[in-house]
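Computed from the coordinates by the stated procedures, all read-outs in this text should not be read as laboratory data. All of these numbers come straight from a predicted model, not from anything done at the bench. Here the Cβ positions follow ideal geometry from the backbone for every residue, glycine too, while neighbour counts run over all protein chains shown.
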């Protein structure tokens, strides 16, 4: 009997143990095995658009995405309207490589982090739910990217704007048969037009880019309706005459005076919404704000405006001395004065108007310069520009002079684009040729990436935190080794760093032969900065040379506008150890697109073939 009872007991014991094993042990074991198998990898069922990245780790996912982005950079995105097709390239390049600028920037680093984190963030149940959801149905994510709106708008305007015929509002017109005859005002009929739906095309572009799967985009047109109709406009003759009869207008600022005569006032007059509380008319005669603003900017502002000048300093005999005094600026308040002029003339019938200007303070002045803590070099950036053509050398010298003497206060963020200011002929720069839509055009900025790269290297040598840095789109010999460069282009991308020391930092530039140096002066607070030598990998050869026919050159003449560059990935590890023992580590990763050479060949007549010519 005891033996029988024991057997019965064991049978009852085995059942719950088996249930426990099936319900708990096997699932836990399977879960742990699943986690081990996909440690550091993207979970199954996680896609970027239609791209299955299951099982990819950080590097393999990055390589896969960059490969597709590189292809997109070479093939571009086609836009069509009727029988015209024009290609938008994510990258605009130049022969020297300095003015290569990205119309579209993809953020592969953070995109891959998001993919890797799917199923790894949140509570245990949230993570489990996401993993199961990915196994049941693909979880499609999008790539992070940014679009340079200025360049995109230029692309649409340059290539498709001639198809648009904007609607015309009912507008004011005047006639005068002879100079001594009175001016007669009337209203011209409104007209309908058509506008291209660029906003819809841009949204379609962004949808395609988000999944790295983009087909040619068809641009659509919409009817453009006028806003002002002739039948609603009344009494224009009397209103307009009352305004021009006040000519000339007298505009004054201080002791200066400018007279605005009837011909200019006639040019300003437009029909617009009633802004007068004393009139019951739906529309009245007022001033075209853009034309008034242009008049003020072109005629009056040059006599008044004075830009603020920051103080700049240099080190002489181990002491800080000023070489450029600070000076506050002043500027004509264009928008404010435009509204004042219209209000005084149209509403109050005044033709003597006092203009206003606004004072702009310099950001850096000479006060207490010796207390700024500038006493030693805390780091030096260096780059070499051997082989640069004369225009590039000139621009490097101009840019270096702009940076020289820059003072950065504690906790201030340094912006290189802000320090350089406008980059054009007026500020002393020389142009470089870039290719756009198959044509070479001059642009300014060649050589300034030498400034950005040297500033980046000076920042890391000084142990300062970099807050914005973008590597060049492709490898350029001036900035080797790869991974240690920084590209800039006004207004975007910029190069920035923060002064997280307790004292001011002064940057001094010097050019010695073919070498550019930026010395960062400040106070050594004991921090130690180190960085590894760049690791360069995934080297890819470019495609064959692309030949573009052009009628801008003599037949048979060949001119290359872009040179070939190998593609690659690179990274450097940057470590700053602070006096209190705190350690900050940053990896600067760089991806360089394999870029083929592009050459123009002169022809009498452009070929009708769409087949790409390579050699």
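A straight chain from residue 546 to residue 200 at 0.36 nm per residue would run longer than the Cα-Cα distance by 121.4 nm.
Ordering 246, 239 by the number of other Cβ atoms within 10 Å of each residue's own Cβ, fewest first, gives 246, 239.
Computed over all pairs of different Cα atoms, the Kirkwood value for the hydrodynamic radius of segment 234-360 is 16.8 Å. Dividing the helix sum by the residues of the chain, where each DSSP H run of 4 or more adds -39500 (n - 2.57), gives a mean residue ellipticity at 222 nm of -8500 deg cm²/dmol. Here is the size of segment 367-504 from its Cα atoms: Rg then Dmax, 15.8, 56 Å. Seen against the Cα atoms of the chain and their longest principal axis, helix 58-75 is set at about 40 degrees. Using C-alpha pairs under 8 Å with a sequence gap of at least 6, the mean separation divided by the residue count of segment 234-360 gives a relative contact order of 26 percent.
When you count the other C-beta atoms within 10 angstrom of each residue and take the mean per peptide, 415-423, 297-305 line up highest first as 415-423, 297-305.
Each of residue 63 and residue 327 was given a label point 7 Å from its Cα along the Cα-to-Cβ line. The distance between the two points is 5.8 nm.
Listed by Cβ neighbour count within 10 Å, with the fewest neighbours leading, 278, 386 appear as 278, 386. Stokes-Einstein, applied to the Kirkwood radius of segment 372-614 over Cα pairs at a viscosity of 0.890 mPa s and 25 °C, places its translational diffusion at 125 µm² s⁻¹. Angle of helix 108-117 to the longest C-alpha principal axis of the chain, folded into 0 to 90 degrees and rounded to 10: 40°. Segment residue 176..residue 422, full-extension length gain: 84.1 nm, with 0.36 nm per residue of separation and the alpha-carbon distance subtracted.
Nearest 10 degrees, 0 to 90: what angle lies between the long axis of helix 2-20 and the longest principal axis of the chain (Cα atoms)? Computed tilt is about 20 degrees. The alpha carbon centroids of segment 459-495 and segment 275-315 are separated by 38 Å. For the chain, the percent of C-alpha pairs falling in each 10 Å distance bin, counted from 0 to the bin holding the largest distance, reads 3, 12, 16, 18, 18, 15, 9, 4, 2, 1, 1, 0, 0, 0. Working from Cα pairs under 8 Å separated by at least six residues, relative contact order for the chain is 11 percent. Put a dot 7 Å past the Cα of residue 560, heading toward its Cβ, do the same for residue 74, and the two dots end up 1.6 nm apart. Ordering 600, 269 by the number of other Cβ atoms within 10 Å of each residue's own Cβ, fewest first, gives 600, 269.
Full extension of the chain segment joining residue 142 with residue 500 gains 125.4 nm, where the gain is 0.36 nm per residue of separation less the Cα-Cα distance.
Taking label points 7 Å from Cα along the Cα-to-Cβ direction, residue 578 and residue 281 give a separation of 6.7 nm.
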